[in-house]
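Nothing in this text is a laboratory measurement; each read-out follows from the coordinates by a stated rule. Because the structure is predicted, anything quoted here is derived from the model rather than measured. Cβ atoms come from the backbone with ideal geometry, glycine included; neighbour counts cover every protein chain shown.
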Amino acid sequence: MESWDFCRSVTSVQILVALGEEFGARQANLLNDTGLDAVSLYNPESVVEARSEMTVIRNLLSELPDIAGLGLLAGERYHLSAYGIWGFALASSPSVRKTVELSQTYQELTFVFAGFTVKEDGEYASLVFDNSDVPADISLFSIEREILAAMVILRELLGAELGPEWVTFQHPRPAYGDLYDTCFNGQVTFSAPRNELIFPRRLLDMPRVQGNGATASLLDKQCSELIAQRTARKGVSGKVRDILLRRRPMSMDMELVADTLCMTSRTLRRKLQSEGTSFRQLVDEIRMTLAEEMLTGTRLGVEQIAERLCYADASSFSQAFKRMSGKTPSTVRKQGQGS
């Protein structure tokens, strides 16, 4: 991953800020130069670019230079529930192999910077993390966080079946190496050829009792749609989408957005038309994305979701949702909870 302008959920930044605050760092300092504030940080509708999350990591390291192993301390907080639709898709997978396939396909919905591949060799399989493109100043934090976060997911998917853990790191054993022994329940190797999380190959095809193939397929489709929606909008439409997402969008009208972009609404309308979209289409698109995320990833009631998306009432929201998705909100929620 060499470009860091792709969007992701704000959840990871929330985790990092909470970690920093626990050790006495000020929220404002952790968010410095990110474009985020307290309101957007805790707005479930917010998305951030990966480079903004990198800035938070740099701020965290700068604010807490005496806290060893911050990457590990962060990684242990990334439970499946933190990943939204992607997490539900993994939890509903009928096997670990399917889980790994989904993980690879939709890496953009995770919070990793180091891309990973799967290797199968004899009795063992492994997730191999490549952090060669990650900026040097956050590379150690990144690989610590991502390998431990992946281990947390495997623990939640496999439980006791996982057995003794085995991880390898390319960097030498740091002064706080004992923290690795605490975080991983097994063998930790340093100065290794690769950054790997290794586990018995037989676990890949072991059926998961909690898995549900039909639900997994549905969530697979939703993951694909979510990535498409996050990456498709560039140019002026991308800027409009960012404004709508960042500033509690549905209460904003076209005049206000145009003013934010220092143009008239007529100019904005013309520019959006040239990009094959419209203000209304962008608003509806965002409403659908956020509605699906809140239905499958939160416990908010339909009335609360309708209010957040600025529909007149729950009935109006339900009718609009069914018109645009072909499904009722209750159906989507049940399918998401089936995992």
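Some points to look at:
- Annotation: the residues L127, L64, sorted from fewest to most other C-beta atoms within 10 Å of their own C-beta, follow the order L64, L127.
- Solution diffusion estimate, µm²/s, Stokes-Einstein, region 1-155, Kirkwood Rh from C-alpha pairs, 20 °C, viscosity 1.002 mPa s: 133
- Here E292, E76 are placed in order of increasing Cβ neighbour count within 10 Å, fewest first, which gives E76, E292.
- Label zone at V209 (point 7 Å along Cα-to-Cβ), backbone N below 20 Å, region 98-126: 98-99
- Estimated inter-spin distance, Q27 and L261, nm [label 7 Å along Cα→Cβ]: 3.0
- Here the translational diffusion coefficient of region 233-337 follows from Stokes-Einstein with Rh set to the Kirkwood radius across Cα pairs; for 4 °C and 1.567 mPa s it amounts to 90 µm²/s.
- Counting only Cβ charges, +1 for Lys and Arg and -1 for Asp and Glu, the dipole size of region 139-206 around its Cα centre is about 160 debye.
- Base-10 log of normalised Debye intensity for region 81-212 (one unit scatterer per alpha-carbon) at q = 0.18 Å⁻¹: -1.03
- Euclidean distance between Cα centres, region 285-339 to region 5-34, Å: 28
- Nonlocal Lys pairs with alpha-carbon distance under 15 Å, the chain (8 or more apart, or different chains): 6
- Based on Cα atoms of region 1-67, Rg over Rh with Rh as the Kirkwood radius reads 0.95.
- Computed [θ] at 222 nm, deg cm²/dmol, the chain (DSSP H ≥ 4; -39,500 (n - 2.57); rounded to nearest 500): -16000 deg cm²/dmol
- Once divided by 2.2 N^0.38 Å, the Cα radius of gyration of the chain becomes 1.05.
- Simple spin-label estimate for W4 and S315 gives 5.0 nm between the two label positions (7 Å along the Cα-to-Cβ direction from each Cα).
- By average C-beta atoms within 10 angstrom, highest first, the peptides 208-214, 93-99, 29-35: 93-99, 29-35, 208-214
- Among L300, L245, L19, residue whose mean-square fluctuation peaks in a GNM of the chain (springs only between Cα atoms under 10 Å): L300
- With neighbours defined as other Cβ atoms within 10 Å of a residue's Cβ, the residues S274, S265 order from fewest to most as S274, S265.
- At full extension, A160 and R194 could sit 9.6 nm farther apart than now, given 0.36 nm per residue minus the alpha carbon distance.
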